[in-house]
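Worksheet: the structure to be examined is printed underneath.
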Amino acid sequence: MKRLILLLLLAAAPLPGWVESVEFPWNTFPRQLWERELAWMKNIGVQHVSLPPAKSPAELVDLLKLLKSLQLEADLEGPIPQELEPYSRSHGGPLVAALPGPVAKISALHPKALLESRKQLEAGSASLLWTDVEDTLRADGFHAGLVNFAGDEKSQALAIRRNAQLLHFWGAGFGGLKQTRMPLGNLPGIQVKQFLEPRGLSVAAVTNPSAKPYAGGLKVYYPPSKHILSIPRVSVPAGASLWLPVNVPIGSSPLCKACSAFAATDHLVYATAELTTMEYENGILAMEFSAPEAAEVILQLTRQPSGPYVAGGKPIEFDWDAHTQRVRLTVPKGKGIGDRVRVGLAIEPPDSTAFFDLTRVLVIGEHNLLTSQYSSEEIAKRSRLVVPPGFTVTSKVKSPLETVFDIYVPETAVHGDHVEISIEGDGVQLSHAKPQLLRPSSLRFPDAIGVRLAATSTLALSPATIPFNARSGRDVSVVIRNNAPEIRSYDVHLEAEGLEFSPASMQVAVGASTQREVQFRVFPSKAEAGLHEGLAVLSGTTYVKEPVRFLVVPPAADLAWESGPFHFLESPKLRATFLGESWIEFVDKDKNENRLKTPVVLPGKVGGLVELEGKLPK
């Protein structure tokens, strides 16, 4: 029997590790949104992007600098031009060679995107390339993507999020696994494939392509016993795919971070949810799962855990079998897109501990204070704070068991990025956190014009553009966001040539990590009709200068103007918007209502708004 099993294992082809990439359409995507979208990709676990080619390599320089700051890698869907060689990985930049083949290109809008991506990986694709992730403005018009211009995700984002989490755990090590051809049992409507590494690490890929959820048993090969193992309770939603870990080493595997304290025989027997993180810190074994349904984990340990067990933020009882030395953990259903849930089991009281105040935000370009506490004076002296490259840290002893760290975040850091910081002592990670990096303050203009390109997508003009009647002026709202952890006071004023504002400036106090809206009145003064470039200036504890434009609209005539790819006809009550030859909006400004239900192609020139009203579809 053992010989048969070995032959079945060796007969299978190896499944290579894979690269998962998102196509980033920089040339058809608004430049002002690059930073936000790339930070979002990194934060959900994406590590690689593919860039359409440029007419001139110089067009990509700013984008490559941004990618380097985010520590993302990128390919150019072809060879690296000689002019961009300084930005290659060999020179410390983000550019790498083209994606390894075979490349499976999958639309993020595919109705079965998750199943299709898993199918390609299980068939041996070396790379997955996700397309249609972003809304775009191309030569032939607007194309909807998975994420709209406002940053809102469609439900299909689940596939990219789940795969990014899976890749984060298994990584390139997946290339060492081979598919078994063992009879795992016939299940109604379920497809089961198992991949095995020579050392015994394994994953069971369970796919449910049917329209009905599956709940029942599952058979897998269990390497330690060299026999088939029955997993009693597995739930797979309709149209879902789960990669379930089987025989994952804890103490002797790079898959478990900082787990050297475990014995070589300690391992995860199986889990009925996708495992995406495993780490050991302060005596606690923490795991993160993608769990579309409630699940369970079985661990084989050489010692009984001391407890407690916390899952999804709540304490839960766990079962320990002294005879088999196995612990059974319940995993609650995950939350949000990606169905993520984190659990933690206290294995034993640690010899030494260190914690720092929970910090969710580090302010860019400023010094951030962080206090750490230690279990002993000795461990306090032997500990250090580990921060990303480019950050600087100084420390001051507050007491024998407390240290205050001063962390300076460089101005080159990317707004919205998350970074990991940790306390290490005696070569062991004692505590860590993943705060978000934010600029100290920001300004937003609720009255600015946004072009509605589809029912679910509106693109705000950049710079922000605020229209008003040349005869009466208008109130202008400005929202001030304070990202600092304390109350801050600001001076704020608006300026634009030919326009007057009341008040000329104002002083505003904004609470910690909150926002406040203030209002100015703008008057045309001697300004002519049309666009007027201006600035909103925030000063005080921080300095922000935000471009803003004011559109002076004549009271009794139509005004033609343009911004980016859009052309407009405007009156005090109506605004018509054109993209190429398509008439895409006809806005009643008093009602804030688009009277044009679907875009209309209007070849040739249009005389004015009155003529357009006569062309409205009945």
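Some notes on this structure:
Yes or no, residue by residue, for (1) buried (at least 17 other Cβ atoms within 10 Å of the Cβ); (2) under 24 Å from Leu33 (Cα atoms); (3) basic (Lys, Arg):
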| position | (1), (2), (3) |
| --- | --- |
| Leu115 | yes, no, no |
| Lys119 | yes, no, yes |
| Ala144 | yes, yes, no |
| Gln156 | yes, yes, no |
| Leu167 | yes, no, no |
| Gly171 | no, no, no |
| Pro188 | no, no, no |
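- All positions within the stretch 565-618 that are touching a Leu at 6+ places or on another chain (Cβ under 8 Å), in a helix (DSSP H, G or I) and closer than 19 Å to Asn469 by Cβ: Leu609
- Of the set (1) free of Cβ contacts under 8 Å to residues at least 24 places away in the same chain; (2) in contact with a Leu (Cβ under 6 Å, 6 or more places away or on another chain), all apply to Ala264 but (2).
- Boolean, Ser69 is closer than 30 Å to Thr458 by Cβ, of a type in the set (Gly, Ala, Ser) and touching a helix residue (DSSP H, G or I) at 6+ places or on another chain (Cβ under 8 Å): no
- Considering only residues in the stretch 125-167 that are basic (Lys, Arg) and more than 13 Å from the chain's Cα centre (by Cα), the one that is nearest to Phe29 (Cα to Cα) turns out to be Arg138.
- The residues on offer are Thr465, Thr458, and the sole one that is closer than 30 Å to His143 by Cα, over 27 Å from the mean Cα position of the chain (by Cα) and part of a strand (DSSP E or B) is Thr465.
- Any pair with Cβ under 9 angstrom, 6 or more apart, that starts in the stretch 84-102 at a residue that is in contact (Cβ under 8 Å) with a residue 60 or more places away in the chain and within 27 Å of Gly124 (Cα to Cα) and ends at one that is surrounded by 14 or more Cβ atoms within 10 Å (Cβ to Cβ) and charged (D, E, K, R): Leu99/Asp75; Leu99/Glu77
- Meets criteria (in a strand (DSSP E or B) and surrounded by fewer than 17 Cβ atoms within 10 Å (Cβ to Cβ)) for Thr302: no
- In this entry, Pro547 is excluded by the filter for residues that are closer than 30 Å to Pro599 by Cα, not charged (D, E, K, R) and not assigned by TED's automatic domain parsing to the domain that holds Trp34.
- Restricting attention to the stretch 102-122, the residues being assigned to a loop (DSSP other than H, G, I, E, B) and touching a Pro at 6+ places or on another chain (Cβ under 9 Å) number 1.
- Test: Pro485 is in a strand (DSSP E or B) and either among the small types (Gly, Ala, Ser) or touching a residue at least 12 places away in the same chain (Cβ under 8 Å) (or both): no
- Among (1) part of a loop (DSSP other than H, G, I, E, B); (2) in contact with a Leu (Cβ under 6 Å, 6 or more places away or on another chain), the one test that Thr324 misses: (2)
- In this structure, Gly93 does satisfy being touching a helix residue (DSSP H, G or I) at 6+ places or on another chain (Cβ under 7 Å) and assigned to a loop (DSSP other than H, G, I, E, B).
So that you can scan it fast, the table gives a plain yes or no per residue for (1) of a type outside the set (D, E, K, R); (2) within 19 Å of Trp170 (Cβ to Cβ):
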{"residue": "Tyr214", "(1), (2)": "yes, no"}
{"residue": "Ile228", "(1), (2)": "yes, no"}
{"residue": "Ala240", "(1), (2)": "yes, yes"}
{"residue": "Leu244", "(1), (2)": "yes, yes"}
{"residue": "Ser290", "(1), (2)": "yes, yes"}
{"residue": "Glu296", "(1), (2)": "no, no"}
{"residue": "Ile316", "(1), (2)": "yes, no"}
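- Which listed residue, of Ala504, Ala527, Ala512, is hydrophobic (A, V, I, L, M, F, W, C), assigned to a loop (DSSP other than H, G, I, E, B) and under 30 Å from Arg360 (Cβ atoms): Ala512
- Taking strands (runs of 3 or more DSSP E) as the structural unit, those lying wholly within the stretch 389-428 and holding at least 1 residues that are surrounded by 18 or more Cβ atoms within 10 Å (Cβ to Cβ) and either in the same structural domain as Cys256 (by TED's automatic domain parsing) or touching a residue at least 12 places away in the same chain (Cβ under 8 Å) (or both) correspond to 402-408, 421-425.
- Within the stretch 541-558, the set of residues being part of a strand (DSSP E or B) and either without any contact (Cβ under 8 Å) to a residue 12 or more places away in the chain or within 32 Å of the chain's Cα centre (by Cα) (or both) comprises Val544, Lys545, Glu546, Pro547, Val548, Arg549.
- Of all residues in the stretch 277-298, one or more are assigned by TED's automatic domain parsing to the domain that holds Lys226, of a type in the set (Asp, Glu) and assigned to a loop (DSSP other than H, G, I, E, B).
- Just one residue in the set Ser525, Ser582 is over 34 Å from the mean Cα position of the chain (by Cα), over 30 Å from Glu486 (Cα atoms), modelled with pLDDT under 95 and among the hydroxyl-bearing types (Ser, Thr, Tyr); that residue is Ser525.
- From the options Ser253, Ser241, Ser230, residue that is surrounded by fewer than 21 Cβ atoms within 10 Å (Cβ to Cβ) and modelled with pLDDT of 90 or more: Ser230
- The set of residues from the stretch 205-256 being more than 19 Å from Gln179 (Cα to Cα) and among the small types (Gly, Ala, Ser) comprises Ser210, Ala211, Ala215, Gly216, Gly217, Ser235, Ala238, Gly239, Ala240, Gly251, Ser252, Ser253.
The values are calculated or read from the model by the stated rules, or taken from the named source; none is laboratory data. On a predicted model such as this, the values are computed, not experimentally measured, just so you know. For neighbour counting, all protein chains shown are included, and Cβ atoms are generated from backbone atoms with ideal geometry for every residue, glycine included.
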